[in-house]
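Read through the structure below, which is laid out as structure tokens, and then see the notes.
The values are calculated or read from the model by the stated rules, or taken from the named source; none is laboratory data. Just so it is clear, the structure is predicted and the values come from calculations on it, not from any experiment. Methodologically, a virtual Cβ is constructed for each residue, glycine included, from the backbone with ideal geometry; neighbour enumeration extends over all protein chains shown. We work out accessible area using only protein heavy atoms, side chains counted, and drop any ligands, DNA or RNA first. Shrake-Rupley method; radii C 1.70, N 1.55, O 1.52, S 1.80 Å.
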Number of protein chains: 2
Amino acid sequence: MVRSPQLPSWRPGPTRDAIVDFLSRADDVEPERRVAVFDNDGTLWCEKPRYVQLDFLIHELSATVETRPELAAVAEYAAVLSDDRASIAAIGLERIALALVDLFTGLDPDTFDARVRHFLATADHPALGVPYRQTVYQPMLELLDALRARDFGTYIVTGGGTEFVRAISRGLYGVEPEGVVGTLVTYEVVRTDGRLRLVRTNRVHGEVNEGEAKAANLQLALGRRPIFAAGNSSGDAAMLEFATAADGPTMAMLIDHDDAEREYAYAGEAATFEAEEPITATAERLGWTVVSMARDWERVFPGVPSDR
Amino acid sequence: MVRSPQLPSWRPGPTRDAIVDFLSRADDVEPERRVAVFDNDGTLWCEKPRYVQLDFLIHELSATVETRPELAAVAEYAAVLSDDRASIAAIGLERIALALVDLFTGLDPDTFDARVRHFLATADHPALGVPYRQTVYQPMLELLDALRARDFGTYIVTGGGTEFVRAISRGLYGVEPEGVVGTLVTYEVVRTDGRLRLVRTNRVHGEVNEGEAKAANLQLALGRRPIFAAGNSSGDAAMLEFATAADGPTMAMLIDHDDAEREYAYAGEAATFEAEEPITATAERLGWTVVSMARDWERVFPGVPSDR
């Protein structure tokens, strides 16, 4: 007899009922098929006003420019440092992102890992008044625990940098590094004083992990098919469709950011990532479980009183 | 107090002492840095007279040709079916391998997985007189257990097909699918009757997982650095060098196939995979622990008496 899931931050209602029902039905699924995947930004933690990883990259850029001031003249960096939206849009986010990733070319994985951890240990969210590490969603932590209590493997499938998320996934979510599937940067093998080392390059390995690539990349990385998937944007849609196309009990969960008071309100605002409709419309059309932050969550962040 | 490792199939002597010493020193390593990687063919199970995966591919080719006899005229397939060494050499193993992989183009991962499992459940080794699944090395199973008892994560880093090894890694070795790093084939995302599906292609994803690629790919796939690595060929050398370049206690283990009576004798025979020396010479030069099958293993295979 498995005990009822502990979901104290989820308010009673249809959404909580749907989770409890899915967990109960999953008891009939073979344990090795109990696989749950989660997007990260906007699904497991706050992604506004900008991605935490972008804030990290800007922080690293500012620190680098102090010792290498000539970098401030590079168009991509100048646009970011001056927060010039028009220039950023003209250059394009992809070129900006690659230029920022290039700041780490030549670093070994451990050094990159240490920089991310240091940032997360010290940086605060610009508006919420708490450290970034406290902008994880308490209800989602409880959901991760409830899934694990039913012998689910829990994995993160993020559009962000794999190594960035791996540096923090164990501490924030209890997910091991090999359980993180994201956008990878290739390594080069070099020998220094006869010792074999890996150093980062500025080249993406495979495809950026967004949209249909999320379904293909999670198969490549994990060799498992999810029967549960959670996301918050059109870039997650294919992954959620992939989960619900599995045999037996499945669940697709969309986090609807509709809580301007406690977090942000934006999920249904517009079509994104090549989609033809807002993601909330996709969710309704395909029968996904939509989580209304405002309605379904008793508290949003850990350690923040429910009546905030 | 951790108890002594249980290694009953390892004979007392310097090799066993080196393992016990490494395990003891690893107690001082942070648990998340306790990472052990193993090559598969020739390290965890028998790879002679030919790779098990190659035997599987030939089996699948024979079955396919029964319903599609025109395939027997394809040069790559004809060479394999007639076991014509000269033709195989002229065509090249890489082209042969890709042609065989192409037999599965369009299959979904679950179907491929089921075919591998069926083969392993039924196929026998052509010379040893036992099922393939019993050609795993008993001493290495004990080593895997001893590492796990010290909280090591254990992973497989194979030159073979990732999905092939994943289909059997849990049953044979207790390694989960996401713990297998090998050569990947890309997937295509397709929609059939509105359902999102993944189907195999005939294109390799990234690099074939051999040589220096093993070091880079294990970082990409696992996000962890090994402090223990075991292999048996020059294609494993970079991975073993990578492990020993880590800080703190490390161990590189080379399986020397020097036991023509109980298995095969070939490891030191010649330079392979772009190497300029036999792998046993590399091991001596770099101070790796060399496992002599003939001398160090009391028994080779599970269920086979030691006096065989």
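A few points about this structure:
- Taking the stretch A:206-229 as the range and being over 16 Å from A:V35 (Cα atoms), open to solvent by less than 10 Å² (accessible area, probe 1.4 Å) and away from chain B (no Cβ under 12 Å) as the test, only A:N209 passes.
- Filter pass, B:V291 being in a strand (DSSP E or B) and either out of contact with any Ser or Thr (no Cβ under 8 Å at 6 or more places or on another chain) or over 30 Å from A:V157 (Cα atoms) (or both): yes
- Restricting the stretch A:253-264 to residues that are open to solvent by less than 10 Å² (accessible area, probe 1.4 Å) and assigned to a strand (DSSP E or B), the residue that is farthest from A:Y51 (Cα to Cα) is A:M253.
- The residue list B:S87, B:S24 contains one member that is of a type in the set (S, T, Y), over 30 Å from B:A243 (Cβ atoms) and either in a loop (DSSP other than H, G, I, E, B) or more than 20 Å from the chain's Cα centre (by Cα) (or both), which is B:S87.
- Of the residues making up the stretch A:74-81, none is surrounded by fewer than 17 Cβ atoms within 10 Å (Cβ to Cβ), of a type in the set (D, E, K, R) and not in a loop (DSSP other than H, G, I, E, B).
- Count of the stretch B:126-143 residues, restricted to those that are more than 21 Å from B:A36 (Cβ to Cβ) and in contact with a Pro (Cβ under 7 Å, 6 or more places away or on another chain), is 3.
- When residues of the stretch B:24-36 are limited to those that are open to solvent by less than 30 Å² (accessible area, probe 1.4 Å) and farther than 23 Å from B:P302 by Cα, the one nearest to the other protein chains (Cβ to nearest Cβ): B:V35
- Positions within the stretch B:187-200 being within 7 Å of chain A (Cβ to nearest Cβ), under 14 Å from A:N217 (Cβ atoms) and not hydrophobic (A, V, I, L, M, F, W, C), in sequence order: B:Y187
- Residue list for the stretch A:166-205, restricted to those being open to solvent by 30 Å² or more (accessible area, probe 1.4 Å), without any contact (Cβ under 8 Å) to a residue 60 or more places away in the chain and not in a strand (DSSP E or B): A:R170, A:G171, A:G174, A:E176, A:D193, A:G194
- Pairing each residue of the stretch A:8-22 that is open to solvent by 10 Å² or more (accessible area, probe 1.4 Å) with any residue that is part of a loop (DSSP other than H, G, I, E, B) and among the hydrophobic types (A, V, I, L, M, F, W, C), provided the two are 6+ apart or on different chains, yields C-beta distances under 7 Å for A:R16/A:L7.
- Each residue in the stretch A:114-165 was checked for being part of a loop (DSSP other than H, G, I, E, B), without any contact (Cβ under 8 Å) to a residue 60 or more places away in the chain and within 14 Å of chain B (Cβ to nearest Cβ), and 0 pass.
- Test: residue in the stretch B:230-246 that is more than 18 Å from B:N40 (Cα to Cα), facing chain A (nearest Cβ under 8 Å) and either β-branched (V, I, T) or surrounded by fewer than 22 Cβ atoms within 10 Å (Cβ to Cβ) (or both): yes
- Yes/no for A:T250 being more than 10 Å from chain B (Cβ to nearest Cβ), touching an Asp or Glu at 6+ places or on another chain (Cβ under 9 Å) and open to solvent by 10 Å² or more (accessible area, probe 1.4 Å): no
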